Amino acid sequence: FQPDSKLEKESIENQRKRYPQLLRLLSHPDNEVVRNSITSIANLLHLGTRTTPRTSDHPHFEEMTAYSGLEKLYALFKRADISEEIRDQAAICIGRLFRSKAIPDKFRTEIIGCLIEIVRNQDKHIKAQSVIVLCDLVQNP
């Protein structure tokens, strides 16, 4: 997917402006709110992966870093009170952001382990997303 028109490009930019609010909701006590937030973040990151070559940095990496997004995604991943679906989405989001960079040692083993486990998941969509992310990560230094 390449944005074809000025309107599509503006729409993508407007959606990216929602990251601060979505990231703040990741610490919400209601799992349904968290699930909706992580799903929105995952959709935005997925859209970003489709707008640039797989070998380049994720176009939202800097923005997510500026809002402490990686730390917030990892904190969500580590929470004991979330569903497996939310945890899996957090791992996929982190993997997408590091598609052309090495995942930091502090959470590499856990995230990659989770992504490998997702491949055994019954849900074909989440399984496919994990496979794509793992294929990108394999090519990292």
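Read-outs: derived from the displayed coordinates by stated rules, not from any lab. Here the structure is a predicted model, which means the values were calculated and not measured. Quick reminder, even Gly has a Cβ in these numbers, built from the backbone with ideal geometry, and neighbours come from all protein chains shown.
Some values worked out for this structure:
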| quantity | calculated |
| --- | --- |
| Total charge dipole magnitude, segment 70-135, about the Cα centre, Cβ charges on Lys, Arg, Asp, Glu only, Debye to nearest 20 | 260 |
| Helix-only [θ]222 nm of the chain, DSSP H runs n ≥ 4, -39500 (n - 2.57) each, per residue, nearest 500 | -21000 deg cm²/dmol |
| Gyration tensor (alpha-carbon) shape descriptor, segment 74-116, a/c threshold 1.5 | prolate |
| Centroid-to-centroid separation of segment 52-78 and segment 87-141 [C-alpha atoms, Å] | 13 |
| Protection proxy ranking, peptides 118-127, 103-112, 82-91, 57-66, average beta carbon neighbours within 10 Å, highest first | 82-91, 57-66, 103-112, 118-127 |
| Principal semi-axes in Å for the chain [√(5λ), Cα gyration tensor, largest first] | 22, 19, 14 |
| Leading residue at positive end of dipole, segment 39-141 (Cβ point charges), from N140, L73, P59 | N140 |
| Electrostatic dipole magnitude of segment 5-139 [Cβ: Lys, Arg +1; Asp, Glu -1; Cα centre; debye, to 20] | 240 |
